[in-house]
Structures are given as structure tokens and as C-alpha cells.
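Trainee: Mind having a look at this structure? Questions to follow.
The values are calculated or read from the model by the stated rules, or taken from the named source; none is laboratory data. Just so it is clear, the structure is predicted and the values come from calculations on it, not from any experiment. Backbone-built Cβ (ideal geometry, glycine too); neighbour counts: all protein chains shown.
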Amino acid sequence: MRMYKFSINNKNYDVKITNFSSKQVTAEVNGQERTVSIREIVRLGVPKDLQKTTTTSRIANTTSVSSSCSVGAASGNSVNSPIPGQVKLVLVKSGDAVNAGQKVLILEAMKLENEINATQDGIVKNVLVSEGDTVIQDQILIEME
């Protein structure tokens, strides 16, 4: 989740993003929950004052590295994003049976491909993201039964 503090026309807004998918955003605005439908996501460049510099020599010959993560909500009924990133590949669909530790999704973050695994045996109830979606940390990616 992310918390933002905005000021619009001298009025302050505390905005906490609680869920983000390719179709909608759920946020608390000054304590009131709001759901916003997304018509289109346009990727803009990062402003220069927010860009971080990296040492090119450390990453010069690196193309991609894989790591593996097992993540899920405390209730065990969902698979959540451990980090912000972009969904590269969804490996399951609604109705699929999965085993604990099975790879269900590939998430790219900072040029690394992260294997996201199921934390328990179960049935995929709903896949809430699509390939190419940008996700935030702790966002629910897959609901399980």
C-alpha cells in the first residue's frame, strides 16, 4: 500500500491506495473508501528529479536474473505482490488447481524476474492482474479457495 499527501486548491487530502488492478483503484481519501474505474493507463517518463542514478559498470552485462518468492496474505487465501513491479507472465487461470510452492506468476522489478509461488494447495478463484499490469507492494494478485 502507498500513502500520498496531496494539496489541491489549498485543501489537504490523505490518500491511501489499498488495491490497484488494471481495471480499478481502491483508495481511502481522508478516511473514506473510494473506488475509481480505470479507462486507460498511460506510461509517462519519471521526472528527472525523481530518477535515481545507478552505476553502469555494475549492470553493464546483465540482462535478467531470476529469483523465487513465496508470498500470500495472512489468511492464506490470496497471493500478494512482495514488491512493486510489472506482471510479465500469468501462469494460472481461474479454476486451476495449484500446489504450495508452485509458480503462479512472473513479476519484473528493477530488471529482475521474480517467480511468485502459491503458499498453499488450493484452487485459483480469481486472477486479478493481467500481463503488463503495474502492481504495488502487498497488492492482491490472485485469490485462492
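Trainee: Does GLU131 fit the bill of being surrounded by fewer than 15 Cβ atoms within 10 Å (Cβ to Cβ) and within 14 Å of VAL87 (Cβ to Cβ)? Full working, then the answer.
Mentor: Details: surrounded by fewer than 15 Cβ atoms within 10 Å (Cβ to Cβ): yes; within 14 Å of VAL87 (Cβ to Cβ): yes.
Yes: the conditions hold for GLU131.
Trainee: When only residues in the range 106-123 that are outside any strand (DSSP E or B) and either among the aliphatic types (A, V, I, L, M) or in contact with a Phe, Trp or Tyr (Cβ under 9 Å, 6 or more places away or on another chain) (or both) count, which is modelled with the lowest pLDDT?
Mentor: Here the answer is MET110.
Trainee: One residue is enough: does the range 84-103 have a residue meeting the conditions in a loop (DSSP other than H, G, I, E, B), within 10 Å of the chain's Cα centre (by Cα) and surrounded by 15 or more Cβ atoms within 10 Å (Cβ to Cβ)?
Mentor: yes
Trainee: While we're here: It is to be established whether one or more residues within the range 131-141 are over 11 Å from the mean Cα position of the chain (by Cα), in a strand (DSSP E or B), modelled with pLDDT of 90 or more and not aromatic (Phe, Trp, Tyr).
Mentor: There is no residue in the range 131-141 that is over 11 Å from the mean Cα position of the chain (by Cα), in a strand (DSSP E or B), modelled with pLDDT of 90 or more and not aromatic (Phe, Trp, Tyr).
Trainee: Whether any residue in the range 1-19 is assigned to a loop (DSSP other than H, G, I, E, B) and at pLDDT below 80 is what I want to check.
Mentor: Here is the first cut: in the range 1-19, the ones assigned to a loop (DSSP other than H, G, I, E, B) are 1, 9-10.
Subsequent filtering for residues that are at pLDDT below 80 retains 1.
Yes, the range 1-19 contains at least one residue that is assigned to a loop (DSSP other than H, G, I, E, B) and at pLDDT below 80.
Trainee: Looking at GLN86, GLN51, GLN32, which one is at pLDDT 85 or above and under 18 Å from MET110 (Cα atoms)?
Mentor: Of GLN86, GLN51, GLN32, the one residue that is at pLDDT 85 or above and under 18 Å from MET110 (Cα atoms) is GLN86.
Trainee: Does any residue in the range 1-15 that is free of Cβ contacts under 8 Å to residues at least 12 places away in the same chain and among the small types (Gly, Ala, Ser) come within less than 9 Å, Cβ to Cβ, of a residue that is in a strand (DSSP E or B) and surrounded by 11 or more Cβ atoms within 10 Å (Cβ to Cβ) six or more places away or on a different chain, and which pairs are these?
Mentor: As it stands, the answer is SER7/TYR13, since those pairs meet every condition given.
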